[in-house]
Amino acid sequence: MENAISAPAAGKGGPIVVAGAGYAGLHIALRLTARLRDNTLVELTLVDRHDYHQVLTELPRVAGGTRAGGAVRIPLQDVLAERVRFVQTEISGFDLAGRRLLTGAGPIGWRWLVLALGSRPDDFAIPGLAQRALSVYSASDAELVWAAVSEALDAAAAAADPQRQRRLATVVVGGGGATGVELAGELAEVLPQVARGRGQAPDRPAVLLVEAGPTILAGSSPQLIDKATRILADLGVQVRTNAVVAAATEQGFRLTDGQLVEGGVFVWAGGVKAPELVADSGLPTGHNGRVKVDQYLRALDHPEIYVAGDLASVTDPRTGHVLPPLAQVAREEGETVARNLAAELTGRPLEAFTFHDKGFVVSVGTRRGVADIAGITAGGRAAHLLKDAIEWEYRQSVTHLREWDPLAR
Ligand SMILES: Cc1cc2nc3c(=O)[nH]c(=O)nc-3n(C[C@H](O)[C@H](O)[C@H](O)COP(=O)(O)OP(=O)(O)OC[C@H]3O[C@@H](n4cnc5c(N)ncnc54)[C@H](O)[C@@H]3O)c2cc1C
């Protein structure tokens, strides 16, 4: 960790500061390392509150106890080259006029800033939700979910009353998007075994998936939704659609129709929004507080600030919709930002961002999954293997990009 502070520089050189070492920010830092190999004058700084990169797409496995939390934290010192100055600190705000990032380690000046601060869970201002439900947006969150599930199963095993046993051993997942489906599937697959290990009936634990809309995996093809629904049913997950959570109380999720959904553990995977500090930044924001950008991924009216990943509000011209908060989008945007920063330094024209959709893959349980690729829908073992392959490729790419750097150890 370093606390060095840089002053903004004029001209075509000067410090580039990347805020956030997630999917977008880490990709940009690694790609710029390679692209700037002939330009040792440009100082490249990466800032994050953690000294590790989190493989968020694998969190449902951590929350389901099938993967250790440590396995999804990649130490940044293992992947960053020496020429990247890493500052581990909390970013608290922006001095846009002075071109400084405000952090716990002091202000950090930029010539170009990249904002890649990701998202945070959106509780939609539902009363009690933030206090009552766990979220799953970091390795620590996912570890907490697994710890809470284990504790609830222990408590259920110790309870004498069968009704209380059943309630304690029920995990309620709010939100039937990809994260909710992956989490519910993973838990439904492993909990019977865990219960057996605690001397309980394997059918005692239950997993409920509560979705406000008419369908899980909203926006996906009907075929994919159908396949995922079948696998969830096979795993014993009780899916409740059109179930809108009005409040979270000590007793459980209270739905708008008055029904109470009881359980021992509550997890919220109902959506994400932009980090709070961006709302107060003075940058132009749109839906969910994401920063509005131009076609080159520069914040509107701030050509010296690039935005990538979940934080960028990018409209896909083919659909007219804002691109979803996905790792594959973050990596593609990161690639464009890295190219454009390299272009800025060499006076070449900037490149407009175009998203190339590679398809959609969701694991449903520990062995099966669903996938929509190039108009073809698959379900079952092959889709799960595809998800494994995507995650393997991602980890490889992180290492591979570093190897491009001639200054690397
Ligand atoms: C459980 C789960 C499962 C997912 N599964 C998939 C999937 O299967 N496929 C898919 O495509 N997408 C998936 N996603 C979405 C994907 O993970 C995100 O779209 C992606 O991480 C966005 O990348 P990013 O770089 O914008 O943000 P992130 O990867 O979240 O990185 C943001 C970084 O900024 C840092 N940061 C934030 N605020 C501060 C601050 N104030 N100070 C210092 N540092 C800060 C964070 O520590 C973090 O390192 C999943 C997400 C979750 C939560």
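The values are calculated or read from the model by the stated rules, or taken from the named source; none is laboratory data. Everything numeric here is computed off the predicted structure, so don't read it as measured data. Virtual Cβ from ideal backbone geometry, glycine too; neighbours counted across all protein chains shown. Side chains included, ligands, DNA and RNA excluded: accessible areas come from the protein's heavy atoms. Shrake-Rupley method; radii C 1.70, N 1.55, O 1.52, S 1.80 Å.
Accessible surface for segment 266-409, divided over its residues, is 47 Å² per residue with a 1.4 Å probe.
Quick one: accessible area per residue over segment 23-118, 1.4 Å probe, rounded to a whole number of Å²?
On the way: 3350 Å² over 96 residues.
Value for segment 23-118: 35 Å² per residue.
Normalised by the number of residues in segment 63-109, the mean separation of alpha-carbon contacts (under 8 Å, six or more apart) gives a relative contact order of 21 percent.
A full extension of the chain between ASP95 and ARG37 corresponds to an added length of 17.9 nm, given 0.36 nm per residue minus the alpha carbon distance. Each peptide in 40-50, 88-98 gets a packing score, the mean of other Cβ atoms within 10 Å over its residues, and the list from highest to lowest is 40-50, 88-98. Each of LEU134, LEU326, THR366 was placed along the dipole of the chain (beta-carbon charges, centred on the mean Cα), and the one lying farthest toward the positive end is THR366. If Lys and Arg each add +1 and Asp and Glu each add -1, what is the summed charge of the other residues whose beta carbon sits under 13 Å from the beta carbon of PHE360? In short, 0.
Based on Cβ point charges of +1 for Lys and Arg and -1 for Asp and Glu, what charge dipole magnitude is obtained for segment 246-385 about its Cα centre, in debye rounded to the nearest 20?
Values: 13 positive and 17 negative charges, 110 e Å.
Dipole magnitude for segment 246-385 comes out near 520 debye.
Here the chain has 52 percent of its accessible surface on carbon and sulfur atoms, given a 1.4 Å probe and all protein chains in place. Charges were assigned to the Cβ only: +1 to each Lys and Arg, -1 to each Asp and Glu. The resulting dipole of the chain about its Cα centre is roughly 420 debye. Treating r as the C-beta distance of ASP234 and ALA382 and R0 as 25 Å, the FRET efficiency rounds to 0.95. Taken about its Cα centre, segment 189-278 carries a charge dipole of roughly 180 debye when the Cβ of each Lys and Arg holds +1 and the Cβ of each Asp and Glu holds -1. Output the 0 to 90 degree angle, nearest 10, between the alpha-carbon long axis of helix 178-197 and the longest principal axis computed from the alpha carbons of the chain. Taking the Cα atoms of the chain, the angle to 178-197 is about 50 degrees.
The lysine pair tally for the chain, using Cα distances under 23 Å and a gap of 8 or more places or different chains, is 4. The GNM of the chain, with springs linking C-alpha atoms under 10 angstrom apart, assigns the highest mean-square fluctuation among GLY118, GLY175, GLY320 to GLY320. A dipole drawn for segment 250-394 from +1 and -1 charges on Cβ atoms has a positive end, and of GLY252, HIS302, ALA382 the residue lying farthest that way is ALA382. The long axis of helix 381-403 is offset from the longest Cα principal axis of the chain by roughly 30 degrees.
Counting heavy atoms of the protein chains only and a 1.4 Å probe, report the per residue accessible area for segment 169-240 as a whole number of Å². Please report the intermediate quantities before stating the final value.
Working: 2700 Å² over 72 residues.
Ligands and nucleic acids excluded, the result is 37 Å² per residue.
The mean sequence distance of close C-alpha pairs (under 8 Å, at least 6 residues apart), as a share of the length of the chain, puts its relative contact order at 19 percent. Using R0 = 45 Å, the C-beta based FRET efficiency linking THR315 and ALA155 works out to 0.40. Put ARG166, ARG290 in order of accessible area, highest first, and with a 1.4 Å probe you get ARG166, ARG290. Under the criterion of Cα pairs below 8 Å and six or more residues apart, the relative contact order for segment 253-409 equals 11 percent. When the chain is described by a simple charge dipole with +1 on each Lys and Arg Cβ and -1 on each Asp and Glu Cβ, the residue from ILE216, GLY14, GLY93 located farthest towards its positive end is ILE216.
Ranking request for peptides 258-264, 154-160, 100-106, 144-150: highest mean number of other beta-carbon atoms within 10 Å first, then the rest in descending order.
Values: 258-264: 16.1, 154-160: 14.3, 100-106: 17.9, 144-150: 19.6.
Top to bottom by mean Cβ count within 10 Å: 144-150, 100-106, 258-264, 154-160.
The heavy atoms of HIS321 present about 130 square angstrom of accessible area, all protein chains included, probe 1.4 Å.
Rounded to the nearest 500, what is the chain's calculated 222 nm mean residue ellipticity when only DSSP H runs of at least 4 contribute -39500 (n - 2.57) each, over all residues? Don't skip to the answer; put the middle values down first.
Details: 11 runs with 134 residues, N = 409.
So the helix-based figure for the chain works out to -10000 deg cm²/dmol.
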